[in-house]
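These notes concern the structure reproduced below.
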Amino acid sequence: MLIFDEVITGFGRIGGAFAASQWNVIPDMMTTAKGLTNGSIPMGAVMVSDSIYETCMHGPDGMIELFHGYTYSGHPVAAAAALAALDIYEDENLFDAVEQIGQEFEQAVHTLADCPNVIDIRNVGLVAGVQLAPSDKGVGKRGFEVFNRCFHNGTLVRATGDIIALSPPLILESKHIDRIVSTLADAITASA
Ligand SMILES: Cc1ncc(COP(=O)(O)O)c(C=O)c1O
């Protein structure tokens with residue numbers, strides 16, 4: 001069983017609709033959320049192969065198939081937001097736009113290699129990870145300090161331990177890239 005967690009990579013973030021389709025892999029299951037509604041309202045979706053679907057649909061006679069209802073499952077407002085987001089992705093060619101701005105983002109993010117304590121930088125499309133060396137104060141302390149400095153300077157990044165994760169909106173422009181990268185460079189340098 002191959003399961004792809006496409007909660008972050010799905011819906012254009014890496015330039016194609018999904019990482020699976022981008023790399024020509026057909027997983028048995030895919031989990032999605034975030035970009036499904038453009039994050040405007042909570043909703044997640046799990047996609048499964050025909051064989052898994054058929055197995056779930058053929059339970060014991062007289063039983064409800066795939067019994068998995070939750071109070072807010074399939075909420076109409078969330079479903080409307082998801083349909084609207086999918087239309088906008090298509091109408092505004094946002095996945096294609098990621099291909100282009102993604103290259104600019106890649107170049108800018110890799111300039112952070114010149115900052116102190118940066119030990120690795122990874123990226124694809126509009127997602128990047130900037131790995132920092134742990135400080136003497138303990139693992140995760142430098143990452144949290146950088147997160148805090150960025151936050152106070154108006155740029156929200158995500159710190160997972162000492163890795164700064166970036167996943168900016170698909171409507172990213174050059175001026176936003178400049179702002180993100182310069183704020184981050186200042187924060188990393190200040191936390192040296
Ligand atoms: C890759 C990945 N998978 C899953 C999740 C969890 O998603 P949810 O909060 O929709 O369950 C996250 C949350 O950030 C994530 O980054």
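Shape verdict for the chain, please, from the Cα gyration tensor: rounded (a/c under 1.5), prolate (a/b greater than b/c) or oblate.
On the way: a/c = 2.27, a/b = 1.89, b/c = 1.20.
Taking the square roots of the gyration eigenvalues as a ≥ b ≥ c, the chain is prolate.
Between Ser21 and Phe67, what's the calculated FRET efficiency when r is the beta-carbon distance and R0 is 35 Å? Round to 0.05.
Values: r = 31 Å, r/R0 = 0.87.
Calculated transfer efficiency: 0.70.
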Please give the helix 76-91 orientation as an angle from the longest Cα principal axis of the chain, in degrees from 0 to 90, rounded to the nearest 10. 60
Using the charge dipole of the chain (Lys, Arg: +1 at Cβ; Asp, Glu: -1 at Cβ; taken about the Cα centre), state which of His58, Ala17, Ala192 has its Cα farthest towards the positive end. Ala192
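Indicate, rounded to the nearest 5 percent, the antiparallel portion of the DSSP beta bridges found entirely in the chain. Can you show the working numbers first?
Details: 18 of 21 bridges.
Here the share of antiparallel DSSP bridges comes out near 85 percent.
Using per-residue counts of other Cβ atoms within 10 Å, averaged over each peptide, order 123-129, 74-80, 165-171, 109-115 from highest down. Don't skip to the answer; put the middle values down first.
Details: 123-129: 19.7, 74-80: 12.6, 165-171: 17.1, 109-115: 15.3.
Per-residue mean Cβ counts within 10 Å order the peptides as 123-129, 165-171, 109-115, 74-80.
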Classify region 54-135 as rounded, prolate or oblate, taking a ≥ b ≥ c as the square roots of the eigenvalues of its Cα gyration tensor: rounded when a/c is under 1.5, otherwise prolate if a/b is larger than b/c and oblate if not. prolate
Once a ≥ b ≥ c are taken as the square roots of the eigenvalues of the Cα gyration tensor of region 3-91, is the result rounded (a/c under 1.5), prolate (a/b larger than b/c) or oblate (a/b not larger than b/c)? oblate
Give the calculated FRET efficiency between Glu90 and Ile52 to the nearest 0.05, with a Förster radius of 25 Å applied to their Cβ-Cβ distance. 0.35
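Give the residue list of GluC sites (Glu not before Pro) in region 1-83 that are DSSP loop and have at most 13 other beta-carbon atoms within 10 angstrom. Please list the in-between numbers first.
On the way: sites: Glu6, Glu54, Glu65; in loops: Glu6, Glu65.
Sparse-neighbourhood loop GluC sites (Glu not before Pro): Glu65.
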Build a GNM of the chain with springs between Cα atoms under 10 Å: which of Ile101, Ile164, Ile119 gets the top mean-square fluctuation? Ile119
Using alpha-carbon positions, what is the distance between the centroids of region 149-191 and region 40-76, in Å? 38
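With r defined as the distance between the Cβ atoms of Ala80 and Met29 and R0 fixed at 25 Å, what FRET efficiency is calculated, to the nearest 0.05? Let's see the in-between values first.
Numbers: r = 25 Å, r/R0 = 1.02.
E between Ala80 and Met29, to the nearest 0.05, is 0.50.
How much length would be gained if the chain were fully extended between Arg122 and Glu173, taking 0.36 nm per residue of separation minus their Cα-Cα distance, in nm to one decimal?
Values: separation 51, 0.36 × 51 = 18.36 nm, distance 2.02 nm.
Once the chain is fully extended between Arg122 and Glu173, it gains 16.3 nm.
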Which is farthest toward the positive dipole end of the chain among Ala82, Pro42, Asn93, measuring Cα position about the Cα centre, with Cβ charges +1 (Lys, Arg) and -1 (Asp, Glu)? Pro42
Amide N of region 1-18 lying under 20 Å from the label point, which is placed 7 angstrom from the Cα of Ile41 along Cα→Cβ: 11
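Taking the Cβ of Thr189 as the center, what net charge do the other residues with Cβ under 14 Å away carry, scoring Lys and Arg +1 and Asp and Glu -1? Provide the component values of the computation, followed by the final result.
Details: positive: Arg142, Arg149; negative: Asp114, Glu145, Asp186.
Within the 14 Å Cβ shell, the charges total -1.
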Under 17 Å Cα-Cα from Lys137, which aspartates and glutamates qualify once same-chain neighbours fewer than 8 residues away are excluded? Glu145, Asp162
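Each reported figure results from applying straightforward, stated rules to the coordinates on display, with no laboratory input. All of these numbers come straight from a predicted model, not from anything done at the bench. Glycine gets a Cβ as well: all are built from the backbone with ideal geometry, and neighbour counts include every protein chain shown.
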